[in-house]
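Each remark here refers to the structure printed beneath this line.
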């Protein structure tokens, strides 16, 4: 049994993901695959365009053997904690051999070199980062500059241009975080990378063969997907999205949470706002002031964001507020090793064998049915139950965005995993 | 200067109110009138159908000289606290001679008799109420039974039928609360009553000359007010409502808060729910369970309500939750004598003289401009500021319901009072 792990959002699954998956299995020579996938909320601080069960179906159709849920307490965090949560989840299955991720650079060695420095974070580097932060840069920018400065001062065999290229691209950065998390957790999992091809991450144009998830989402939100999208995404993705649309469960975007988020902001004091992660340096004042200036969520985000406080960071804060995920709770999980369970969203026949191997070798409870691990009517009794409660809450809030009132009922996390019988 | 006080909601102002007002001025022989009016949320646990400034204009047009706002911390409470807040507001103007209220019975003496008993609440009566409550009755029902039992056991000159009639009708009950509050505060204000005429409180039929506020609201919400309502409400009410409709600020109903309230409920734990007033006897479980069963606020209320937990009580709880008005804060105000300021919503030339008299004789700060008393950017520094902050928050949340995005901006409480120059 040789097992490849991938960390994904599949929001939604497209040809770029397909390419990455096929290439990964070839590169690793793995005969089993596990995917750690974000649930109903994703790292860029948005609700996923379709719910996690529909995206699990896409992943199963694409040939993934087992889909595990990245708890919302990690899915909706900065790149560092997102990577930490996902890597810990793979570590604790006890069966994953290799982690493959896409990157702009497409070579593992330079990433390993920089990743190792980030993992060790020497005091000198920390100081350099603090210096840059004080200039008003965002954390990723400050760290990028600091790393360039640090490496050029040392004997490491990378030119400033190379480092700049590594640390200035979103997939490289996420890759560095995976390497950092693997290194710090002394993981036995081997990191591998594949060069991303096709559309740029943020590309809006839908004409190239591999279209970006952003472009696909915009097309779905503009409601004319019927005309041009069918040849741009796999048939199953197209079919599954259409089913969700027909049932009144999609598309879901930040817009759906407009009044809910604004109402919560207007009833929340600055002191309470400051209890959320990444609300630092008086950001609570900025957020609270903006909440009185506009009745539109998109305008609100525009009013708050600065060079230092990026749009993604603001959106994550607003969604953490919506879900009532406070910093003290998040840190409690972080300090306890991250994910407290392995929650199965779906699997196929091969996945069944993986589950059996994980039962033997894994070091976390394996959850097929939530009701066996936590009853909604009781207050959480353990960290595991607290993390589950946060997940259930996230799904219950996501459900309220459905156009179809029937599906707005709560407790949808209590359903069983999806089983694809081949 | 002879001043009559009335306690109102004017939601919206109709011919029944007009009749009551004219009759009041005649009965009291007063040459000045002060009205204490609920702001954007009303005692039956609903948002007012149009905002407080539009209803202030109606009151000024009807001939009231001075309109003071009943703080939301009293407007959105049970009859007992609603009456307590309103009566204290009148007491603390230092200028009101008489309080006139409508009642089904239309005679003050029987109300005084029963009101005095309620004010004193002898231990025996308290015990009788507890006994009835334990049978699962709502508080008003339990108290009604207990009072009948108590009075028939004593030498008071009222038959059970008379007591039943007094205590079984909504306006009589509110009147009793006014009398109780006057008595307990050893007020110099003399209570007077006028028999209500015209439509019953809950009447839906719009054909009689005096139509109920409920019927008018339903007609406005059904959006066909243009056809039949013009002859049923005063011209100015009609004009003001139409202006609000044209501006996209009306009609406002519980429906507008559907997703906001459901979202807040789903992110709030049972423990936090239990911090709200009237969430007793495990009601938090009932509310939380219902919040997962439906995506509709009206269905939610239906799922929660019982004989004991009335619809009005449930609605008040949900709105207190929306506005984040917790029991401990409400009780802090109650224990500090109720309203902490006299907030002016509007006045005419006569009202100007009243304001000058209140400046001399009143015992609370008189607020014309909120910005002179509290800056939104600072945390509240006193009980007065805390109460103002709650009011501003209530308005900021009410504003989010406006159809017109322009008016959803916050801080609308900072506008000056309306002055009607005759």
Inset, instruction - Kindly check whether there is at least one residue in region A:252-271 that is more than 12 Å from chain B (Cβ to nearest Cβ) and over 18 Å from residue A:313 (Cα atoms). - result: yes
Legend entry - Residues satisfying the stated conditions in region B:266-282, i.e. within 24 Å of the chain's Cα centre (by Cα) and on the phi < 0 side of the Ramachandran plot: B:273, B:274, B:275, B:276, B:277, B:279, B:280
Inset, instruction - Scan region B:275-286 and give yes if some residue there is within 28 Å of residue A:394 (Cα to Cα) and either in contact with a strand residue (DSSP E or B) (Cβ under 6 Å, 6 or more places away or on another chain) or within 11 Å of another protein chain (Cβ to nearest Cβ) (or both), otherwise no. - result: yes
Legend entry - Test set (1) closer than 21 Å to residue B:336 by Cβ; (2) not in a helix (DSSP H, G or I) - residue B:33 fails condition number: (1)
Legend entry - Hits in region A:106-119 (condition: touching a residue at least 12 places away in the same chain (Cβ under 8 Å) and part of a helix (DSSP H, G or I)): A:108, A:110, A:111, A:112, A:113, A:114, A:115, A:116, A:117, A:118, A:119
Inset, instruction - Can you tell me which residue among B:399, B:372, B:376 is within 14 Å of chain A (Cβ to nearest Cβ) and farther than 25 Å from residue B:277 by Cα? - result: B:376
Legend entry - Qualifying residue in region B:283-299 (condition: under 21 Å from the mean Cα position of the chain (by Cα) and within 19 Å of residue B:46 (Cβ to Cβ)): no
Inset, instruction - Quick one: residue B:136 ticks every box in (1) touching a helix residue (DSSP H, G or I) at 6+ places or on another chain (Cβ under 8 Å); (2) outside any helix (DSSP H, G or I) except a single one, so which number is it? - result: (1)
Legend entry - Hey, residue A:295 within 8 Å of chain B (Cβ to nearest Cβ), over 24 Å from residue A:330 (Cβ atoms) and not in a helix (DSSP H, G or I) or not: yes
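Condition check ((1) within 14 Å of chain B (Cβ to nearest Cβ); (2) on the phi > 0 side of the Ramachandran plot; (3) modelled with pLDDT under 95; (4) surrounded by 16 or more Cβ atoms within 10 Å (Cβ to Cβ)) across all residues:
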site: A:338; (1), (2), (3), (4): no, yes, no, yes
site: A:342; (1), (2), (3), (4): no, no, no, yes
site: A:359; (1), (2), (3), (4): no, no, no, no
site: A:362; (1), (2), (3), (4): no, no, no, yes
site: A:405; (1), (2), (3), (4): yes, no, yes, no
site: A:417; (1), (2), (3), (4): no, no, yes, yes
Legend entry - Any chance residue B:410 is within 9 Å of chain A (Cβ to nearest Cβ), closer than 30 Å to residue B:247 by Cβ and over 21 Å from the mean Cα position of the chain (by Cα): yes
Inset, instruction - Within region B:370-386, identify whether any single residue is in contact with a strand residue (DSSP E or B) (Cβ under 9 Å, 6 or more places away or on another chain) and closer than 17 Å to residue B:418 by Cα, and answer yes or no. - result: yes
Legend entry - Number of positions in region B:383-422 that are part of a loop (DSSP other than H, G, I, E, B) and in contact (Cβ under 8 Å) with a residue 24 or more places away in the chain: 11
Legend entry - Among residues of region B:58-74, those that are outside any loop (DSSP other than H, G, I, E, B), surrounded by 24 or more Cβ atoms within 10 Å (Cβ to Cβ) and touching a helix residue (DSSP H, G or I) at 6+ places or on another chain (Cβ under 7 Å), counted: 9
Legend entry - Among the candidates A:388, A:366, A:383, residue that is modelled with pLDDT of 95 or more and either farther than 24 Å from residue A:55 by Cα or facing chain B (nearest Cβ under 10 Å) (or both): A:383
Inset, instruction - Go through region A:302-326 and count every residue that is part of a helix (DSSP H, G or I), touching a helix residue (DSSP H, G or I) at 6+ places or on another chain (Cβ under 7 Å) and surrounded by fewer than 20 Cβ atoms within 10 Å (Cβ to Cβ). - result: 2
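The values are calculated or read from the model by the stated rules, or taken from the named source; none is laboratory data. Since the structure is predicted, the reported quantities are computational estimates derived from the model, not experimental observations. Positions of Cβ are backbone-derived with ideal geometry, glycine not excepted, and every protein chain shown enters the neighbour counts.
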